[in-house]
1. Tell me, please, whether a residue that is more than 27 Å from Arg34 (Cα to Cα), more than 16 Å from the ligand (Cβ to nearest atom) and without any contact (Cβ under 8 Å) to a residue 24 or more places away in the chain can be found in segment 102-113.
2. Could you look through segment 218-258, keep only residues that are on the phi > 0 side of the Ramachandran plot and surrounded by fewer than 24 Cβ atoms within 10 Å (Cβ to Cβ), and pick out the one that is nearest to the ligand (Cβ to nearest atom)?
3. Test each condition in (1) buried (at least 19 other Cβ atoms within 10 Å of the Cβ); (2) more than 17 Å from Leu269 (Cα to Cα); (3) without any contact (Cβ under 8 Å) to a residue 12 or more places away in the chain for Gly141 and report the one that comes out false.
4. Does segment 182-199 contain at least one residue that is in contact with a strand residue (DSSP E or B) (Cβ under 9 Å, 6 or more places away or on another chain), within 14 Å of the ligand (Cβ to nearest atom) and assigned to a strand (DSSP E or B)?
5. Hey, can you tell me all the residues within segment 76-101 that are part of a loop (DSSP other than H, G, I, E, B), among the small types (Gly, Ala, Ser) and within 16 Å of the ligand (Cβ to nearest atom)?
6. Filter segment 59-75 for residues that are within 16 Å of the ligand (Cβ to nearest atom) and among the aliphatic types (A, V, I, L, M) and give the result.
7. For segment 219-250, enumerate the residues that are touching a residue at least 60 places away in the same chain (Cβ under 8 Å) and out of contact with any helix residue (DSSP H, G or I) (no Cβ under 8 Å at 6 or more places or on another chain).
8. For segment 144-177, name all the residues that are without any contact (Cβ under 8 Å) to a residue 60 or more places away in the chain, in contact with an Asp or Glu (Cβ under 7 Å, 6 or more places away or on another chain) and assigned to a loop (DSSP other than H, G, I, E, B).
Amino acid sequence: MSDRDRDPVAVAERVLDAVAEVAPEIREGLPGRRRYLDDENPSGEDVLAADVYADELVESALSNVPGAGAYASEERESAVDLGGGDVSVAVDPLDGSSNLASNNPMGTVVAVYDGDLPASGRDLVGAGFVLYGPVTTMVAGTGSPEDATVREYLVADGDREDLGPVSLPTDPTVYGFGGRVPDWPADFAAYVDAIEDELKLRYGGAMIADVSQVLTYGGVFAYPALESAPDGKLRLQFEGNPVAYLVEGAGGRSSDGDGSLLDVPATELHQRVPVHVGNPALIERLEAALS
Ligand code: F6P
């Protein structure tokens, strides 16, 4: 393999290209795969036929990417060796797949780490998500988290067409928070009381679609710590880190309640973390409310 093949940022670009290439096939396969299988993923969630289908397509797309060394998925207990090098790819093949029954948006989330998994968000060399909405788009960036720039792409015919840079509007308008309201800790509930006077509720139940609203209109998305689940629901390697990378790259902030999600120590492949992302001032207020 040449040095160019091994360069982690170049590998990340190729990974994102491969995911954009396979995304139309994932989308086309959804209509016939809306049924639940008699199975659970490693996080204890019910698995749809579409989850398994998307996972297999992404694995096979990544196995042809020079420099990609490992594939980990929310649908699998442990990472698969792709034999290509030091770069690991963590993917949620169909984020928000419970939206498939109700025909609401969902996405594919990709995190590319320079090193073995579980890895710190600071080891990311690229991240992106495909959003299967009325239009199939990708939001993605490459480079170290400190200097990544994030762009939106139109995904069609196996290619991604650059639609320009993504940056959070400075005048935020929307919020969307997961979990049952009675399960929210009192300090988080008090924060919600304050911001719902200023912002408009927009929540669809698929993280990637809800984060896309924040990237488009400005605001804040959270799947917070819950009384019944102090680490929240979302997974650091597959969801928290890539979304933090993209929102921070678009001029926003991320937090686990204390500081950037990218600084949360990685302990396990399927570890959960409270996720809060959005405009910097809204995340600062959140951290003050939770401290
Ligand atoms: O992690 C999967 C996911 O579907 C996210 O996309 C979404 O934010 C969350 O779970 C919704 O979960 P629930 O409907 O259980 O609150």
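The values are calculated or read from the model by the stated rules, or taken from the named source; none is laboratory data. Source: prediction; values computed, not measured. All Cβ positions, glycine included, derive from the backbone under ideal geometry; neighbour counts span all protein chains shown.
1. The first filter runs over segment 102-113 and keeps only residues more than 27 Å from Arg34 (Cα to Cα), leaving 112-113.
Those left that are additionally more than 16 Å from the ligand (Cβ to nearest atom): 112-113.
Then keep just the ones that are without any contact (Cβ under 8 Å) to a residue 24 or more places away in the chain; that gives none.
For segment 102-113, residues more than 27 Å from Arg34 (Cα to Cα), more than 16 Å from the ligand (Cβ to nearest atom) and without any contact (Cβ under 8 Å) to a residue 24 or more places away in the chain: absent.
2. Initial filter on segment 218-258 (on the phi > 0 side of the Ramachandran plot): 218-219, 232, 251, 257.
Keeping just the survivors that are surrounded by fewer than 24 Cβ atoms within 10 Å (Cβ to Cβ) gives 218, 232, 251, 257.
Values: Gly218: 19, Gly232: 10, Gly251: 22, Gly257: 17 Å.
So the residue we want is Gly232.
3. Single failed check for Gly141: (3).
4. no
5. Step one: list which residues in segment 76-101 are part of a loop (DSSP other than H, G, I, E, B), which gives 76-79, 82-86, 96, 100-101.
In the following step, the residues that additionally are among the small types (Gly, Ala, Ser) were identified as 78-79, 83-85, 96, 101.
Those that are part of a loop (DSSP other than H, G, I, E, B), among the small types (Gly, Ala, Ser) and within 16 Å of the ligand (Cβ to nearest atom): Gly96, Ala101.
6. At the first step, the residues of segment 59-75 found to be within 16 Å of the ligand (Cβ to nearest atom) are 72-75.
Residue satisfying the conditions is Ala72 alone.
7. Keep residues of segment 219-250 that are touching a residue at least 60 places away in the same chain (Cβ under 8 Å), which gives 219-220, 222, 235-250.
Matches in segment 219-250: Arg235, Gln237, Phe238, Pro242, Gly249.
8. Hits for segment 144-177: nothing passes.
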